């Protein structure tokens with residue numbers, strides 16, 4: 001497999017995704033430590049994890065849109081996270097809640113989510 005060095009941005013490791021119900025519950029059980037940031041398309045909830053990498057999970061409300069559009073929204077967030085790891089502050093757990101359905105340009109979603117991550121790093 002030939003991969004161009006300029007286009008390959010790394011992979012998304014399983015340790016960087018929060019999937020287990022136990023981990024999700026632990027995220028919300030420490031509710032006093034959660035920071036909240038609001039954007040046009042996303043709500044971002046942040047919790048410190050004291051690891052040397054960032055972890056995240058994505059959710060889309062059912063009343064936002066139908067299943068294929070919800071899945072596309074989650075794929076977009078995973079792609080933004082994967083390709084911009086260097087811009088995302090490490091040592092935190094992120095819960096990304098998609099507020100609107102994804103019918104617009106990918107770059108608009110990318111800019112909105114990266115602006116939220118910049119606010120986290122301040």
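FYI, it's all coordinate maths here, none of it is from the lab. Everything quoted here is computed from the prediction, not taken from an experiment. Counting neighbours? That spans all protein chains shown, and the Cβs are built from the backbone with ideal geometry, glycine included.
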Considering residues that are within 15 Å of the chain's Cα centre (by Cα) and either surrounded by 17 or more Cβ atoms within 10 Å (Cβ to Cβ) or in contact (Cβ under 8 Å) with a residue 24 or more places away in the chain (or both), the number found within the range 62-77 is 6
Filter result (part of a helix (DSSP H, G or I), surrounded by 13 or more Cβ atoms within 10 Å (Cβ to Cβ) and out of contact with any strand residue (DSSP E or B) (no Cβ under 8 Å at 6 or more places or on another chain)) within the range 24-41:
26
